[in-house]
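Chemist: Below you'll find the structure I mean.
The values are calculated or read from the model by the stated rules, or taken from the named source; none is laboratory data. Predicted model, so just to flag it, every value in this text is computed and none were measured. Because the Cβ atoms are built from the backbone with ideal geometry, glycine has one as well, and the counts that use them run over all protein chains shown. SASA here: full protein model, heavy atoms, side chains in, ligands and nucleic acids out. Shrake-Rupley method; radii C 1.70, N 1.55, O 1.52, S 1.80 Å.
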Amino acid sequence: MGRPTIADIARQAGVSKGAVSFALNGRPGVSEATRARILRVAEEMKWRPHSAARALGGARADAVGLVIARPARTIGVEPFFGQLLSGLQAVLSAGSVALHLMVVEDTAAEIDVYRRWASEHRVDGFIVVDLQTRDPRLPALDELGLPAVVLGGPGKGAGPLRIWADDREAMLSIVDYLAAIGHRRIAHLAGLPHFQHTQRRIRAVRDASRRLGLEEAVSVPTDFSDAEGAAATRTLLSRTRRPTAIVYDSDVMAVAGLGVAGEMGVAVPGDLSIVSFDDSVLARIVHPPLTALSRDTFALGEQVARTLLAVVDEAGPGRDLQMPTPRLTVRESTAPPAAASPAGVVAARVIDTAS
């Protein structure tokens, strides 16, 4: 649940949003009795203005900020971020609002950028991606008092409004499908382990493995790069009892894995099935085209931008938004395994590639 908005106060007080704006800003246009009622409702709802965004006599920056703490080399090749940024820009540009984008190496640097941009009144709000476990950015943003929308969730308790899709349900759909066509040894090349969505996907693979009685389901954290995706694939395919299916947390890693399979003489899908958690043009133009989870990332970016602008205007939805769960699109990179594996002891584990 986000902070109360002008729309919430108007609904509770039984007046228009314009009347609430007049009352809260001390402007004429409402009776004293109405003003008093609106102020009382605002106080009861613990409404507070976004102080930094209203600095300098209420001047707007007409800009929002997005700071991404990932290795810069991985951002440049990820279709997901390209589509997300396109969707954001489509809405922001239509409203003559700029997008300030910065890529940094770690979370501490990201928080420093938040503080600097807020103190310089460079932005009216922030878009936050890659939600972390015990994320230090959320209390930092709360301290700054600027509006924010988080891409990821679901959330618990107070804090910025979140827009999210069910990563767990999406991953379960992949494992269920692979098991249904006969796969008993499945590997999962995951993303950065401190991301909440990585943890949800790893838990989903583990839980599905136990429920379905798979022989093995192993999760290997990576940095999302093609290099780590290729290296981890090479290690998995070098094992005596290698997996018959690999699920990749990004399309870039999936394409890299497909290349390694070809290099090692492992036929896809004859000897190995490959699934990408992200769908993109990249996943569709390789041979064979990749089975992948499909969603409209451009539309997701549009929704995030619209929501943040509404929150800045204090007319946001006031609650988290759940987007449709990505759906599995089956293509030529998956098929039943060449030979069914004998039943074995269930093993679901996470490999630490740093050890």
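Chemist: Regarding the range 227-271, what is the average projected area of its C-alpha convex hull, in nm²? Kindly include the intermediate steps, with their values, before the conclusion.
Modeler: Details: hull surface 11.3 nm².
Average of the hull's projected areas for the range 227-271 equals 2.8 nm².
Chemist: About the Cα centre of the chain, how large is the charge dipole given +1 on each Lys and Arg Cβ and -1 on each Asp and Glu Cβ? Please answer in debye to the nearest 20.
Modeler: Details: 40 positive and 39 negative charges, 176 e Å.
Roughly 840 debye, rounded to the nearest 20.
Chemist: Sticking with this one: Once you sort the root eigenvalues of the Cα gyration tensor of the range 6-49 as a ≥ b ≥ c, which label holds: rounded (a/c under 1.5), prolate (a/b larger than b/c) or oblate (the other case)?
Modeler: Details: a/c = 1.44, a/b = 1.37, b/c = 1.05.
Taking the square roots of the gyration eigenvalues as a ≥ b ≥ c, the range 6-49 is rounded.
Chemist: At q = 0.18 Å⁻¹, what log₁₀ I(q)/I(0) does the range 236-301 have when each alpha carbon counts as one equal point scatterer in the Debye sum?
Modeler: The Cα Debye sum returns log10 ratios of -0.62.
Chemist: If eta is 1.306 mPa s and T is 10 °C, what Stokes-Einstein diffusion coefficient results for the range 167-294, Kirkwood Rh from Cα pairs, in µm²/s? All intermediate terms of the calculation are to be shown ahead of the outcome.
Modeler: Working: Rh = 14.1 Å.
Translational diffusion coefficient: 112 µm²/s.
Chemist: Quick one: what does P(r) look like for the chain with 20 Å bins over all Cα pairs, in whole %?
Modeler: Whole-percent P(r) values from 0 Å outward: 28, 48, 20, 4, 0.
Chemist: Please report how far the C-alpha centroid of the range 74-136 lies from that of the range 144-221, rounded to the nearest whole angstrom.
Modeler: 23
Chemist: Then there is this: Pairing the Cα long axis of helix 167-180 with the longest principal axis of the chain, what angle in degrees results, from 0 to 90 and rounded to the nearest 10?
Modeler: 20
Chemist: Let me ask something additional. Grab every C-alpha pair in the range 92-219, bin the distances at 5 angstrom width from 0 up to the longest one, and report whole percents.
Modeler: It works out to 2, 9, 17, 17, 14, 12, 10, 8, 6, 4, 2, 0, in whole percents.
Chemist: If you don't mind, there's one more thing I want to ask. Could you give P(r) for the range 170-219, binned at 5 Å from zero, as whole percent values over all Cα-Cα pairs?
Modeler: Computed distribution, short to long bins: 5, 24, 35, 22, 10, 4, 0.
Chemist: OK, next. Nearest 500 deg cm²/dmol is fine: what mean residue ellipticity at 222 nm does the chain get from its DSSP H runs of n ≥ 4 alone, each adding -39,500 (n - 2.57), divided by its residue count? Walk me through the numbers on the way to the answer.
Modeler: Numbers: 14 runs with 151 residues, N = 355.
Result for the chain: -13000 deg cm²/dmol, rounded to the nearest 500.
Chemist: Also: Could you rank 183, 287 by how accessible they are, 1.4 Å probe, largest area first? All intermediate terms of the calculation are to be shown ahead of the outcome.
Modeler: Values: 183 0, 287 165 Å².
Ranked from most to least accessible, the order is 287, 183.
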